Amino acid sequence: MIHSLFSELVAAMRLHWRVHKTLGNFLRHYGTAQIRPGLVRDIWQPVIGLEIHAQILSTSKLFSRVGTRFGAPPNSQVGVFESAHPGTLPVLNKRCVEAAIKTALALQATVNKTSWFVRKHYFYPDLPAGYQITQLDHPIASDGHLDFIVYNAAVHRKPYRHSVKLIQIQLEEDSGKSIHDVENHRVLVDLNRAGQPLMELVFAPDLHDGEEAAALVKELSLILLQLGTCNCRMEEGSLRVDANISVHRPGEPLGTRTEVKNLNSIRSLVKAIDFEIERQIGILESGGVITNETRSFDADRKETITMRDKEVVQDYRFMHEPNLPPLRLFDSSEGSGSQNGSLDINAVRQELPELPEEKRQQLLKNYGVRLENAIILVSNSIILDFFMAVMADKKRDARLVCNLLLTNLLGTLNSANIDFQKSPLSADAFGEIVDLQQSGQILNDTSLRLIDLICNDGDLRSPTQIVNANNWLKFSDDLLESLVAKVLNDNQNLVKKYKAGKKKMFNALMGKVRAATDSRADMKKVKDILTKKLTE
């Protein structure tokens, strides 16, 4: 049936891009087509590769002891090396090398036992030395991969798994920041960022839309946060993404790519990529040619705009950094080989924590939660800790806990604009609500009442005390029998209409029972009792 639907839609071939994007996602989730989003008059395949700059979480810079505090006054985090005073020499930060090794191991990459630093020359006001120290052909790590789950509840019907090759990780220093004062016709330079330690992670072009790119960045951020190698605060610039985007028809060579620079939020990443795909398809469909260029994303207009073209290849005049020897590492797990390197790869390997995918698998295996819920829990360590605290009582139903936690408690806190960390409802009190509902003493509606009362009204009593004080315990089966009989006796006109064939009167009677029980009745049982009594 799915293939038939696909054929019919291909025959139309004039539907709008966004409609076809939805079709592509639909088919991908069902595994019935390799074709990615993008039908206009023909089928198009977008190809996206990401380059991610992650600022290493370190108290000092890559080649000096100068601090790295974000938000410090301009030019207060600058030393003689960052300002390129003559005769100053770089001293490699050991912490940054360890962070790069740890990141590489987490991404299943090969840590190269010898790597080199080079000078990349270009002349900007915020680069006093006239060159950036980086790595190129001999980086610290290469040939890894990142497996991740693509899931956005607003876009995808079900989660699906994807994998992207990691080409390399290279260590490099950041440049300063130029501030363009248009009003006074001047350029101000802040060198606080100069020399900040970066890992550049270069991923192969294995992505096909903005949502996949967002999922990759989210998973990478979770990994880096778990490793403690980057704080991943995109709003502060500590994680910046460049996206290389092209489109082509299946069976044809890859199209000309454009690069969208410095995407600093997940939302901007998705919108920039999807806009750029649509823009390129529109140009090609109208007979135009894609220009190999660098673009930026205007978040207000939600579109990419030209920065500069790449028709002339810039000559960076790469050369080995003469003031830094080769970075040599060794791996003690390989036996009694040479140990003349500066760091032991195996020692760093032993420090690797449990990674996000391992946590998700533990949730699936040990608690039987749905994958969609495991994704949400692992994406927020505070919520995950709360869940684990509630599940310390192994008798609790994990699916009930997830439902009350991820739908009801989070929804209530979001509506009240309360940060989860400041939730008035503790894990112990939440667990008590779960116990009351799981044991059949209260209904789900009552659980919602309790969550609302504690979170919005600040009720300091325990859930059990609140339930008893308000007489919110669920009605017993015997009491339901008598209540249903009373409702039928008090509403003979509705009963007569129902028995005369007006079946809609059944719902009216159900409503009468609900009102009489103050929503404390199991309505499934009410339905069974009502059906039985109406047929007597």
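The Cα center of region 491-536 and the Cα center of region 107-137 differ in position by 76 Å.
Size descriptor for region 254-369, Kirkwood hydrodynamic radius: 19.8 Å (Cα pairs only, one decimal).
In percent, rounded to a whole number, the relative contact order of region 392-479 is 31, using alpha-carbon pairs under 8 Å and six or more apart. Shown here for region 126-209: GluC sites (Glu not before Pro) in loop regions (DSSP other than H, G, I, E, B) with at most 11 other Cβ atoms within 10 Å, namely GLU183. Per residue, the chain exposes 50 Å² of solvent-accessible protein surface, assessed with a 1.4 angstrom probe and all protein chains in place.
If only the Cβ of Lys and Arg carry +1 and only the Cβ of Asp and Glu carry -1, the dipole of the chain around its Cα centre is close to 2200 debye. Quick check for you: which residues of region 267-290 have the amide N under 19 Å from the point 7 Å beyond the Cα of ASP298 toward its beta carbon? Once the point is set 7 Å along Cα→Cβ of ASP298, 268-283 turn out to lie under 19 Å by backbone N, inside region 267-290. Computed on region 453-524, the Cα convex hull volume stands at 112 Å³ per residue.
Quick one: of LYS365/LYS524; LYS365/LYS474; LYS165/LYS365; LYS120/LYS271; LYS503/LYS525; LYS102/LYS394, which pairs are farther than 24 Å apart, Cα to Cα? From the list (LYS365/LYS524; LYS365/LYS474; LYS165/LYS365; LYS120/LYS271; LYS503/LYS525; LYS102/LYS394), the Cα-Cα distance tops 24 Å for LYS365/LYS524; LYS365/LYS474; LYS165/LYS365; LYS120/LYS271; LYS102/LYS394. Among rounded, prolate and oblate, which fits region 217-294 when a ≥ b ≥ c are the square roots of the eigenvalues of its C-alpha gyration tensor, a/c under 1.5 means rounded, and a/b larger than b/c means prolate? Cα axes put region 217-294 in the prolate bin.
What FRET efficiency, computed as 1/(1 + (r/R0)^6) with R0 = 22 Å and r the Cβ-Cβ distance, is obtained for GLU334 and ALA204, rounded to the nearest 0.05? The formula returns an efficiency of 0.20 here.
Taken along the Cα-to-beta-carbon direction at a fixed 7 Å, the label points for ALA500 and ILE382 span 6.0 nm.
Once you order the gyration tensor axes a ≥ b ≥ c over the Cα atoms, which shape class does region 103-185 get: rounded for a/c under 1.5, otherwise prolate or oblate by comparing a/b with b/c? Since a/c reaches 1.5 but b/c is at least a/b, the shape of region 103-185 is classed as oblate. Can you give me the % of accessible surface on region 439-511 that is carbon or sulfur? Probe 1.4 Å, all protein chains present, nothing else counted. Carbon and sulfur: 51 percent of the exposed surface of region 439-511.
Accessible area of VAL202 (1.4 Å probe, protein heavy atoms only, ligands and nucleic acids ignored): about 30 Å².
Between ASP419 and ARG308, what length in nm is gained on full extension when 0.36 nm per residue of separation is reduced by their alpha carbon distance? Using 0.36 nm per residue and subtracting the Cα-Cα distance, I get 35.8 nm. Here r is the Cβ-Cβ distance between HIS248 and VAL189 and R0 is 41 Å; the resulting FRET efficiency, rounded to 0.05, is 0.50. Normalised by the number of residues in the chain, the average gap of Cα pairs under 8 Å and 6 or more apart makes the relative contact order 12 percent. With contributions of -39500 (n - 2.57) from each DSSP H run of at least four residues, the per-residue ellipticity at 222 nm computed over the chain stands at -11500 deg cm²/dmol. For the pair region 201-249 / region 39-80, the C-alpha centres are spaced 11 Å from each other.
Does region 41-102 come out rounded, prolate or oblate by the C-alpha gyration tensor, with a ≥ b ≥ c the root eigenvalues, rounded set by a/c under 1.5 and, if not, prolate when a/b is larger than b/c and oblate if not? It comes out prolate by the Cα gyration axes.
In straight-distance terms, cross-link reach from LYS302 covers every one of the aspartates and glutamates whose alpha-carbon lies under 13 Å from its own, apart from those fewer than eight places away in the same chain; here that gives ASP274, GLU276, GLU278. In the list (i) 178; (ii) 240; (iii) 154, the label attached to volume of the Cα convex hull per residue in Å³ as derived from the coordinates here is (ii). Across every direction, the projection of the convex hull enclosing the Cα atoms of region 339-445 has a mean area of 9.2 nm².
To put it simply, the accessible area of region 58-141 at a 1.4 Å probe is 55 percent carbon and sulfur. The trypsin sites (Lys or Arg not before Pro) of region 86-170 meeting both criteria, a DSSP state outside H, G, I, E and B (loop) and at most 12 other C-beta atoms within 10 angstrom of the site's C-beta, are ARG157. Here is the size of region 43-175 from its Cα atoms: Rg then Dmax, 18.5, 60 Å. In percent, rounded to a whole number, the relative contact order of region 218-323 is 19, using alpha-carbon pairs under 8 Å and six or more apart.
Can you pull the percent of Cα pairs in region 389-536 with separation above 23 Å? Of all Cα-Cα pairs in region 389-536, 46 percent lie more than 23 Å apart.
For region 113-125, putting each phi into the Karplus relation 6.51 cos²θ - 1.76 cosθ + 1.60 with θ = phi - 60° gives couplings of 6, 9, 9, 10, 9, 10, 9, 10, 8, 7, 10, 10, x Hz, in residue order, rounded to whole numbers and with x for Gly and Pro.
Computed extension length for THR407-SER519: 38.3 nm, one decimal, from 0.36 nm per residue of separation with the Cα-Cα distance subtracted. Once the mean of 1/r is taken over each pair of separate Cα atoms and inverted, region 409-488 shows a Kirkwood hydrodynamic radius of 13.7 Å.
Round to the nearest 0.05 the FRET efficiency obtained for ARG317 and SER178 when R0 = 22 Å and r is the Cβ-Cβ distance. After rounding to 0.05, the efficiency reads 0.50.
The values are calculated or read from the model by the stated rules, or taken from the named source; none is laboratory data. Worth saying up front: this structure is predicted, and the values here are computed from it rather than measured. All Cβ positions, glycine included, derive from the backbone under ideal geometry; neighbour counts span all protein chains shown. Ligands, DNA and RNA are stripped out before the accessible areas are found, and what is left, the full protein with its side chains, is counted by its heavy atoms. Shrake-Rupley method; radii C 1.70, N 1.55, O 1.52, S 1.80 Å.
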